[in-house]
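Following: one structure in structure tokens, then a few remarks.
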Protein chains: 2
Amino acid sequence: MRAADIATAMSTVVESMPAREAARVLAAQDLPGLIVVDGKGRPLTVLAGTQVLRMALPSYCQDDPALARVIDEAAADVILAGIGERTVADLLPKNRPELPAVHADATLLEVASVMARSNIPLVAVVDSNRVMTGAITLDGLLDRLLL
Amino acid sequence: MRAADIATAMSTVVESMPAREAARVLAAQDLPGLIVVDGKGRPLTVLAGTQVLRMALPSYCQDDPALARVIDEAAADVILAGIGERTVADLLPKNRPELPAVHADATLLEVASVMARSNIPLVAVVDSNRVMTGAITLDGLLDRLLL
């Protein structure tokens with residue numbers, strides 16, 4: 001079995017996309033993060049879901065979650081207002097994690113090694129032009145390896 | 001809406017459980033990690049799936065994933081052999097991340113704040129004795145907030 005056999009299709013985002021829209025893409029997928037690609041569809045980095053929350057929430061909420069409790073506003077409104085008009089690029093951390101990528105014919109052990117190294121539960125599968133053709137999640141990998 | 005309304009049931013593991021068994025529990029759930037509880041069911045920490053891979057894979061695989069490629073052995077066998085007879089406690093990193101927990105009546109904004117702070121896409125929901133009654137995933141939270 002090879003990487004291509006366990007890869008799944010996945011919506012990607014580009015850096016210029018409004019972050020609100022990206023947050024909805026994230027919510028619509030059952031995934032730990034969003035893969036950010038360049039204009040040619042080549043994976044650049046991953047935007048973790050927790051990073052989206054961190055950028056969206058007022059800092060006083062994060063410093064003291066008990067304060068969040070007393071805010072008499074719907075959480076969705078606070079988060080969407082917090083994201084504001086920013087783009088995906090604005091939400092990415094300064095030190096962007098490199099999204100690991102493997103070729104379609106990578107072995108499962110190779111995929112596991114790449115994932116273990118990166119500490120990110122997502123690996124992009126790319127073709128010979130480095131264009132993303134799918135992605136492998138930790139869960140998808142473990143399903144095939146251990147179940 | 002409160003934390004209890006968006007919490008899902010989740011299999012937990014204890015520190016004395018064989019790590020191989022825990023890896024199968026992880027694979028069977030569509031989750032980013034395993035919640036480790038004490039003998040009374042109180043959440044202690046979270047074992048990330050990538051950590052399981054990191055502990056299981058031979059270090060030469062992680063140092064150079066290209067080496068993993070030439071190993072003529074099934075990935076599952078390498079991983080299960082790598083885990084060996086260790087327990088969950090043996091797989092936990094030395095600096096255990098604290099698993100954030102909220103009470104059943106926490107607001108969604110409070111949950112979002114706790115999750116943003118921890119950088120872990122899982123929050124345990126606990127009762128007044130700190131016994132875990134369920135968990136909230138980033139995905140579950142975003143589904144309710146943004147869809």
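The values are calculated or read from the model by the stated rules, or taken from the named source; none is laboratory data. Being a predicted model, the structure only gives us computed values, none of them experimental. Counting neighbours? That spans all protein chains shown, and the Cβs are built from the backbone with ideal geometry, glycine included.
Structural remarks
- Picking from residues in segment A:1-19 that are farther than 21 Å from B:D139 by Cβ and over 14 Å from the mean Cα position of the chain (by Cα), the one that is surrounded by the fewest Cβ atoms within 10 Å (Cβ to Cβ) is A:S16.
- Those residues of segment A:64-102 which are under 15 Å from B:A66 (Cβ atoms) and more than 10 Å from chain B (Cβ to nearest Cβ), in sequence order: A:A101
- Any hit, segment A:37-50, residues being at pLDDT 90 or above, crowded, with 19+ Cβ neighbours inside 10 Å and closer than 24 Å to B:T107 by Cα: no
- Restricting segment B:20-63 to residues that are over 11 Å from the mean Cα position of the chain (by Cα) and assigned to a loop (DSSP other than H, G, I, E, B), the residue that is nearest to the other protein chains (Cβ to nearest Cβ): B:L57
- Among the residues making up segment A:1-19, those that are of a type outside the set (G, A, S) and part of a loop (DSSP other than H, G, I, E, B) are A:M1, A:M10, A:E15, A:M17.
- Annotation: A:S113 fulfils all but one of (1) closer than 24 Å to A:T137 by Cβ; (2) of a type in the set (G, A, S); (3) without any contact (Cβ under 8 Å) to a residue 40 or more places away in the chain; (4) out of contact with any Lys or Arg (no Cβ under 9 Å at 6 or more places or on another chain); the unmet one is (4).
- Residues located in segment A:85-126, provided they are of a type in the set (G, A, S) and in a strand (DSSP E or B): A:A101, A:A124
- Qualifying residue in segment B:124-143 (condition: without any contact (Cβ under 8 Å) to a residue 24 or more places away in the chain, under 25 Å from B:D30 (Cβ atoms), of a type in the set (S, T, N, Q) and surrounded by fewer than 19 Cβ atoms within 10 Å (Cβ to Cβ)): no
- You will find that of B:L99, B:L108, the residue that is closer than 17 Å to A:L53 by Cβ and either of a type in the set (S, T, Y) or modelled with pLDDT of 90 or more (or both) is B:L108 and no other.
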